[in-house]
Each structure stands twice: as structure tokens, then as C-alpha cells.
Amino acid sequence: MKKNKVLFFALLLFLFLASSQLARTEQQPKLKIITTIYPLTELVQNITGDRGEVFQLIPTGAEVHNFQLRPSDVAQLRQADLLVAVGPALEPWLPKIETALGRKIKQKIYFFDELKKVGFPGLVEQDPHLWLDLKADDLLVKAVVNQLAELDPKGRLYYSERGQKLRAKISNLDREFQEQLANCRSNIFIVAGHQAFGYLARRYHLQLVSLVGANPESRPGLKKIQEIIELIKKEQVKAIFYESSVTPYYARAIAQETGIELYPLSTGVHLRPEEIKNKIGFLQLMKQNLETLKKALGCSGRKDRQ
Amino acid sequence: MTELLTSGIFLRALLAGLFLALACGLLGVFLVLRKEAMIGHGLAHVAFSGLALGFILNFMPLAISLVVCLLGAILILEIREHGSLYGDTALGIISSAGLALGILLVSLKRGFGVELMSFLFGDILAISSGEVWFSGVLALVVVILLKINYQALIFMTFDRETALVSGVRVKRLERMLVLLTAMTVVLGLKLVGILLVTALLVIPASASLQVAQSFKKTLLISTLFSFVSIISGIFLSYWLDTPAAAMIVFVALLLFVGALISKKKKLIF
């Protein structure tokens with residue numbers, strides 16, 4: 001009886017091993033791409049489809065600036081064919097990782113550098129929130145497609161087709177932003193958080209006022225808070241925005257003074273638990289941002305659309 | 001300036017800050033004299049694991065932090081008694097345990113870094129009316145309990161053994177002190193953050209000990225120093241547009257240096 005059981009399990013094990021071996025031989029080797037934050041992951045994944053495997057270094061929701069590597073992350077980095085990151089303003093620890101690995105990662109795309117190369121207008125060295133500018137995303141997709149084609153020439157057509165589709169989606173959304181954020185009751189865009197929406201505000205002609213600078217950990221001074229309260233009263237601003245992933249302590253405090261209404265915006269980096277569960281895409285998050293902005297700022301949209 | 005003085009944010013920060021200062025100024029004197037200055041720091045680390053737990057459960061992190069902190073406080077006393085260790089050894093054990101547990105919990109979920117970060121430096125400029133009430137009640141409880149047990153506390157603080165022999169209920173008083181400190185620490189966490197909460201417990205009391213001549217005066221001056229730190233810290237935050245918590249601690253440090261100098265010059269009160 002006991003012998004039978006052992007035989008049975010041995011057979012099971014054999015079948016399992018054989019099948020996994022079989023699957024391995026059928027599969028073509030996938031490109032391994034490492035990204036740092038969710039918007040990059042989403043965009044790259046959309047291009048690579050089945051031909052690549054994307055690993056996101058910083059878990060969606062963890063703090064980016066003080067991120068620390070786990071041993072398993074280092075293992076991932078060792079096998080990487082391509083690294084897609086934003087730039088030193090967001091990931092100042094990346095160069096250290098290469099030192100720790102003892103060698104350079106084969107190929108790298110830094111979002112910031114890609115934009116700098118083409119003379120992207122309005123770049124700010126200290127502000128890493130490039131992915132919130134859809135025009136910039138479009139350029140990134142282009143760069144990633146080219147790089148992937150180089151790494152995997154057989155997939156050139158595949159990547160460029162998927163890239164085209166993605167770029168069409170992005171520019172459609174960009175156009176929606178342009179059109180729907182026209183004719184607003186107010187274009188004063190107050191964010192009770194860190195300055196993440198600078199590029200977005202610039203692109204769609206909103207007048208951004210942020211509570212603190214580009215670093216999410218810094219705390220605001222009383223003077224700045226008071227200035228914002230006065231601005232709200234003077235300009236009769238109706239909406240204040242906060243980052244959807246954190247508890248809006250400051251927005252609430254300001255609302256208690258002014259009766260202003262609170263609206264959540266997503267930076268695409270820190271997702272809410274339900275957003276992670278529903279696997280919401282980055283462009284969907286941006287679409288949500290658009291709806292929120294439109295409602296909060298009272299925009300009627302461009303009517304002369306032809 | 002007038003807008004500032006009528007601003008609710010300013011008033012709530014000032015009120016809650018003053019209540020916290022009252023509790024810290026009074027408790028601090030006992031802690032410093034009992035050579036327990038770092039207990040606030042240790043308990044803040046324990047509270048950190050409580051916050052992490054609260055974020056994981058997604059349920060009232062501050063309340064859970066309070067419960068965990070109270071448990072940690074009792075544990076410190078138990079270890080100290082049964083391990084026959086000196087005061088800060090038990091503290092060393094519990095605070096590192098708290099921090100390790102906190103880091104473990106954070107890494108388990110890897111998803112609330114930013115939110116937890118906000119407790120490193122506190123948010124005194126963004127507190128709710130409920131938190132002002134909590135700090136008021138806490139200050140009141142501290143004052144009342146210290147007042148009731150005043151003589152016994154002094155006895156115990158200066159000569160624990162004799163007090164024990166004379167029938168003072170030392171254990172109960174020690175428990176009371178530690179639990180009050182735990183509550184104060186959790187409130188301090190919300191207002192000035194994990195990193196700076198010790199400052200309010202230790203610096204005003206130490207400064208006061210430099211210049212005060214009697215125990216009553218020590219308590220009085222310590223509370224006064226706390227008040228001055230909070231008030232000028234908040235005003236400085238307005239004028240210089242800097243984070244309030246850091247300014248509060250800087251003022252407390254200045255007062256301490258001033259107290260040291262005035263002691264050297266024999267200017268005591």
C-alpha cells in the first residue's frame with residue numbers, strides 16, 4: 001500500500017517535471033524589462049505584450065525616494081535586458097545599484113534624458129513627474145519601441161504595431177484633456193500635497209498652486225497654508241485637490257476654514273487598494289483625473305469642435 | 001497677521017500644542033529625574049509598529065497605535081521587574097522590538113510608505129477638532145493624576161527604596177507614569193512626529209532643572225518652557241514658512257542653551 005503511494009507520487013512528479021520541461025522548450029526566450037514605477041510598467045507592458053516580461057522594482061504604493069532593494073530584486077536586475085526609469089530626481093539610488101551589481105545594466109532608458117534629447121519644452125530638473133504629461137508619454141513609448149526592436153529584431157513589427165496603437169490612445173486622451181479642460185469656471189488648480197502636477201498643469205494651461213515642493217515628505221509651513229486659504233477666499237475657488245493615495249489631512253484642515261470641496265487626483269504611482277485589485281490601467285487613471293478636474297473646475301469644454 | 005490669529009488652523013495647532021506641552025512639561029520632569037528620559041523615544045518606536053499594524057488592518061491607525069503603545073509600556077515595566085535589569089535596558093529591548101516589528105509589517109505589505117512617513121514629522125498644522133479635544137482631555141488627566149499623587153510621586157522620584165518601605169504604592173505609581181507617557185507619546189506622534197516627540201518630553205524639563213531651585217518651580221518652569229517652545233515654534237513656522245515641528249524643537253533647544261548659560265552665571269530662580 002505504502003509502496004503504491006510512493007510510486008504514484010513519483011509518477012506525478014515525473015509528469016509535472018516533464019510538462020514544465022515541455023513548456024519551456026516551446027517558449028521563446030522573453031525579454032526581461034525592469035521598470036521603477038507603475039505608469040512606466042503599464043506603458044511598457046502595453047508595448048511588449050507576450051514577447052516580454054516586465055518587473056516593477058518599486059511596489060505600487062511604496063515610497064519611491066527611500067526605496068530599498070530586497071535580495072530578490074537584485075536577482076531580477078541581474079537578468080534584465082532593459083531598464084526603464086524616470087531619472088535621478090525620482091530614483092537617485094539607481095547608480096548605486098549598478099555599483100552593487102558590479103556591472104552596468106545592458107540597456108537603459110531614462111525618461112528625463114529622452115525628453116532632454118528632443119528639447120522637450122518646460123523640463124524641470126527637480127520635477128520627475130514627467131509621466132503625468134501625455135505628450136511626454138508619447139515620446140517615451142516611441143523610445144521604448146525603438147529600443148525593444150533593437151534588442152529583439154524578430155519582434156520589430158510586433159512592437160511597432162502595438163506602439164502605434166498605444167500612441168494613438170495617448171494622443172486621443174491628450175486631445176480629450178485639451179478639449180474638455182477649455183472654458184473652465186476657474187483655472188486655479190490648488191493641490192494640498194506635493195508638486196506632482198506641474199507638467200500636467202503646464203500642458204493644459206492650469207494655474208497650479210501646491211502646498212509643498214516636489215518632495216512628498218516635506219511638511220508645509222503655516223505661512224503657505226495661510227496664503228492658500230487667502231487665495232481661495234479672494235478668488236472664490238471652489239475645489240481643492242489631494243493625492244488619492246494618502247489621507248488628506250491638510251486638504252481637510254483647509255476645507256474646514258474655507259468650505260472648499262475636496263477632489264482626489266491620482267499621480268499613477270501610489271494606487272489605492274481597490275485600484276490595485278481592479279488592475280486599473282495608467283491611462284484609465286488619467287481619464288479619471290480628467291473627469292475629476294473637469295467637474296471640480298467647472299469646465300464646459302470646447303464647443304467649436306468640428 | 002490678524003488673519004493668522006483668527007485662522008482655525010493656527011488656533012487648533014496652538015491649542016492642541018499647548019495641551020501637549022502641558023502634559024510633556026510636567027511628565028518630563030519626573031522622567032528626567034528618574035533617569036528615564038529616553039522612555040518617550042522607546043515608546044515612540046513601539047507606537048510606530050502600532051501605526052504600521054493600523055495601516056495593514058486599514059483601521060484607525062492612531063487608536064491601534066495607542067493600544068500597542070500602552071501594552072509596550074506595561075511590557076517595559078514587566079521586563080524591568082522580572083529581568084532585574086536597569087531602567088533603560090528593558091527600554092532598549094522593547095523599542096528595538098517595536099521598530100523591527102514595524103519594519104516587518106511595512107515590508108509585508110510594501111504599500112503604505114508615504115502614509116507612514118507623515119508620522120515621522122507629525123502634522124500639527126493639519127489636526128482635527130477631535131484631536132484637539134483628545135489632547136485637552138489628556139492634559140487634564142495628567143494634571144489631575146499628578147496633583148492627586150503629588151507627594152508620593154516626589155518621594156518615589158527621589159528615594160524609591162525608602163518610599164517602597166514606607167508603604168508608598170510605588171509599582172502603581174510607576175505604572176501610572178509610564179501609561180501617561182505612552183498616551184502623551186501617541187498624541188505627540190500626531191503633532192510633532194516620531195522623531196521629535198522625545199524632545200518635548202526631555203528638553204524643557206532638563207532646561208528647567210538647570211535654573212529652578214525647588215521642585216514646584218521646576219514643574220512650573222518646565223511647563224513654561226514647553227509653552228514658549230510651542231507658541232514661538234508655530235509663529236516662527238509662519239514667519240519663516242518652515243515646518244512647525246522642527247521650529248518647536250529648535251526653540252526648546254535654544255531655551256536649554258539659555259538655561260545652561262544662566263546657570264553658569266548663577267542666574268537661577
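Each value in this text was obtained by applying a stated rule to the coordinates, not by laboratory testing. Remember, it's a predicted structure, so these values are computed and weren't measured experimentally. Every residue, glycine among them, receives a Cβ derived from its backbone with ideal geometry; neighbour counts consider all protein chains shown.
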Fraction of alpha-carbon pairs in chain B farther than 34 Å apart, rounded to whole percent, equals 17 percent
The answer for residue A:35, listing residues at least 5 apart or on another chain whose modeled amide H is closer than 5 Å to its amide H, is A:55, A:56, A:57, A:84
D (µm²/s, integer) via Stokes-Einstein for chain A, Kirkwood Rh across alpha-carbon pairs, 4 °C, 1.567 mPa s: value 60 µm²/s
Net charge near residue B:152 (other residues with Cβ under 10 Å of its Cβ; Lys, Arg +1; Asp, Glu -1) is +2
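Can you give the FRET efficiency for residue B:154 and residue B:129, using 1/(1 + (r/R0)^6), R0 = 41 Å, r = Cβ-Cβ distance, to the nearest 0.05?
0.70
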Cα-Cα longer than 27 Å, checked against A:117/A:169; A:116/A:277; A:104/A:154; A:30/A:104; B:217/B:266, kept in input order, equals A:116/A:277
In debye to the nearest 20, the charge dipole size for region B:2-262, taken about the Cα centre with +1 at each Lys and Arg Cβ and -1 at each Asp and Glu Cβ, equals 480 debye
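Applying 1/(1 + (r/R0)^6) with R0 = 30 Å to the Cβ-Cβ distance of residue A:169 and residue A:113, what FRET efficiency is obtained, to the nearest 0.05?
On the way: r = 24 Å, r/R0 = 0.81.
Using R0 = 30 Å, I get an efficiency of 0.80.
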GNM on chain A, Cα springs under 10 Å; top mean-square fluctuation among A:58, A:34, A:229 goes to A:229
Taking Cα atoms, the helix A:134-151 axis meets the longest principal axis of chain A at an angle in degrees (rounded to 10) of 20 degrees
For the protein assembly as shown, the Debye formula with one identical point scatterer on each Cα and no solvent gives log10 I(q)/I(0) at q = 0.06 Å⁻¹ as -0.41
Here the gain from full extension of residue B:268 to residue B:231, 0.36 nm per residue of separation minus their alpha-carbon distance, amounts to 11.0 nm
Listed with the fewest Cβ neighbours within 10 Å leading, A:205, B:82 appear as B:82, A:205
Here region B:239-256 yields Karplus 3J(HN,Hα) values (6.51, -1.76, 1.60; θ = phi - 60°; whole Hz; Gly and Pro given as x) of 5, 8, 6, 10, x, 5, 4, 5, 5, 4, 5, 4, 4, 4, 5, 4, 4, 4
Taking chain B and counting helices only, DSSP H stretches of n ≥ 4 at -39,500 (n - 2.57) each over all residues, the nearest-500 ellipticity at 222 nm comes to -28000 deg cm²/dmol
XL table A:96/A:135; A:32/A:135; A:238/A:294; Cα-Cα > 20 Å flagged, in table order, is A:96/A:135; A:32/A:135
Chain B, Gaussian network, Cα under 10 Å: of B:167, B:42, B:136, the residue fluctuating most is B:167
In degrees, nearest 10, the alpha-carbon axis of helix A:156-180 is tilted away from the dominant principal axis of the alpha carbons of chain A by 20 degrees
Long-range amide H partners of residue A:210, meaning residues 5 or more apart or on another chain whose placed amide H is closer than 5 Å, are A:191
Computed over chain A: longest principal axis from alpha-carbon atoms vs helix A:2-26 long axis, angle to nearest 10 degrees, is 60 degrees
In whole µm²/s, the translational diffusion coefficient that Stokes-Einstein assigns to region A:181-297, given a Kirkwood hydrodynamic radius over C-alpha pairs, 4 °C and 1.567 mPa s, equals 89 µm²/s
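Over all residues in A:222-231, what is the mean tally of Cβ atoms on other chains that come within 10 Å of each residue's Cβ?
Going residue by residue through A:222-231 and averaging, the value is 6.
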P(r) of region A:26-178 over all Cα-Cα pairs, 10 Å bins starting at 0, rounded to whole percent, reads 10, 41, 36, 12, 1
Here the gain from full extension of residue B:120 to residue B:100, 0.36 nm per residue of separation minus their alpha-carbon distance, amounts to 5.6 nm
The FRET efficiency for residue A:185 and residue A:276, from their Cβ-Cβ distance with R0 = 35 Å and rounded to 0.05, is 0.55
A chain fully extended from residue B:171 to residue B:86 at 0.36 nm per residue, minus the present Cα-Cα distance, gains in nm 29.1 nm
